[in-house]
1. So if I check each of V385, V389, V353, V300, which one is part of a helix (DSSP H, G or I), within 25 Å of E34 (Cα to Cα) and assigned by TED's automatic domain parsing to the domain that holds A260?
2. Kindly provide the set of residues from region 271-290 that are part of a helix (DSSP H, G or I) and either touching a strand residue (DSSP E or B) at 6+ places or on another chain (Cβ under 8 Å) or surrounded by 21 or more Cβ atoms within 10 Å (Cβ to Cβ) (or both), ordered by number.
3. Only one of E115, E90 is acidic (D, E) and either in contact (Cβ under 8 Å) with a residue 60 or more places away in the chain or at positive phi (or both); which?
4. Check region 11-20 and report whether any residue there is assigned to a loop (DSSP other than H, G, I, E, B) and in contact with a strand residue (DSSP E or B) (Cβ under 8 Å, 6 or more places away or on another chain).
5. How many of the residues making up region 370-405 are within 24 Å of the chain's Cα centre (by Cα) and at pLDDT below 95?
6. Look through T273, T294, T254 and report the one residue that is among the hydroxyl-bearing types (S, T, Y) and farther than 22 Å from A54 by Cβ.
Amino acid sequence: MVNNITLTDQLIEQEHEYIVQTYKRAPFVLVHGEGVHVFDSEGRVYTDWVAGIAVNALGYQDAELTDAIQSAAKGLIHVSNLYHTAPQIELAKLLVEKSFADRVFFTNSGTEANEGAVKFARKVAYEKGMADKSEIICFTGAFHGRTIGSLALTPREKYQKPFLPLMPGAVVAEFNNLDSAKAVIGAKTAAVIVEPVQGEGGIYSATPEFLRGLRDLCDQYEAMLIFDEVQCGMGRTGTLWSHEASGVTPDIMTIAKPLAGGLPIGAILMTETVAGAMHPGEHGTTFAGGPLVTSAAKVVLSRVSQPEFLAQVNEVGDYLIERLSEINSPLIKEVRGRGLMVAVELTVDTGAVIEAGYQHGLILVNAGPNVIRLVPPLVIEKQHVDELVEKLTVILSEQQGANGG
């Protein structure tokens, strides 16, 4: 009897046996990537419109990034935050020079950055003698992470209910509704946290008027304004920081996903007022800001912040929205987004579309049950957009037929 079990089958079977089943993974095993493409263990090639969930800004096998990682690995990989290393200091300097911030605290992820931002905001109030000023205002549709504190600021029952009770003090207002925000922001508010462009919530932009109103309210009540740019920051929306389009400056900003091109890192950027409230021993991390990951991050930040790089993101992003809007399908409800953070909202569930995408050589991801989220490597080109539109047109036509359209 011939054994037809492939290496892919074996690996997926072992994944089911040995790894906690908290992810619904795609039915293949990825082995390497090049440019904006990834390849699986069976030799199939896919154009990547997910980029590791808005992470792989420079795509795959970028020569400069690879060289930086290899060179750093020959030096120090880890020493902890008990010691100075040059790459960490140099990256912090770059981040300060390219943002509103005066100082930086490094973390290992976006969730950790948001947890730290909450602590820092509460510490500012505590230092002023206002220990009861502890409420954190968040918004409908938000996603700030899955740890107990950040999950409390992610108001979705399916995420929160099994893990109650969460961090106390979280208060929810309606996104893009300033009257709703005014109703809950007050003397007990330590901070307001908001995504300038919501990612997991379906790619919805905060209006400049909304962000300006939040800034005024925070100033009025001595609260910290936190911008969560974990997904929408670092060039994703066509400016280095997504909030630049509004002209509003936060007190604290959290970043993570694309910062080191795929290596785990996050950062909390803050004003001197916030930094001055923190003292030795009040917050820490073993791994964050290590010399290997910060060496990689210096390359990514330097590249992405170049005006010509951002201009390309804008040009291709505009072309992406233009071409997607040309698809004549009753299954498309709306196309929206900024830069290379784009949503295709459908009238049907995205599951079958994503599965069909694999068969057509596309890697796609959702943002909610009926939104296809396009967050490709920032080096994607117009030819890849044309390919996407051609294949997505076919996929939607097939799905329309399957749905009796």
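1. Just one listed residue meets the conditions, V300.
2. Matches in region 271-290: E272, V274, A275.
3. Selected residue: E90, the only one of E115, E90 that is acidic (D, E) and either in contact (Cβ under 8 Å) with a residue 60 or more places away in the chain or at positive phi (or both).
4. For region 11-20, residues assigned to a loop (DSSP other than H, G, I, E, B) and in contact with a strand residue (DSSP E or B) (Cβ under 8 Å, 6 or more places away or on another chain): absent.
5. 0
6. Just one listed residue meets the conditions, T273.
Per-residue answers, yes or no, for (1) part of a strand (DSSP E or B); (2) without any contact (Cβ under 8 Å) to a residue 40 or more places away in the chain; (3) more than 14 Å from L225 (Cα to Cα); (4) among the aromatic types (F, W, Y):
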site	(1), (2), (3), (4)
F120	no, no, no, yes
D132	no, no, yes, no
F143	no, no, yes, yes
S150	no, yes, yes, no
N176	no, yes, yes, no
A181	no, no, no, no
I193	yes, no, no, no
E209	no, yes, yes, no
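Quick grid of which residues meet (1) out of contact with any His (no Cβ under 8 Å at 6 or more places or on another chain); (2) not β-branched (V, I, T):
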site: Q198; (1), (2): yes, yes
site: T207; (1), (2): yes, no
site: L211; (1), (2): no, yes
site: D219; (1), (2): yes, yes
site: A223; (1), (2): yes, yes
site: F227; (1), (2): no, yes
site: Q231; (1), (2): yes, yes
site: L240; (1), (2): yes, yes
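The values are calculated or read from the model by the stated rules, or taken from the named source; none is laboratory data. All values derive from a computational prediction rather than experimental measurement. Glycine gets a Cβ as well: all are built from the backbone with ideal geometry, and neighbour counts include every protein chain shown.
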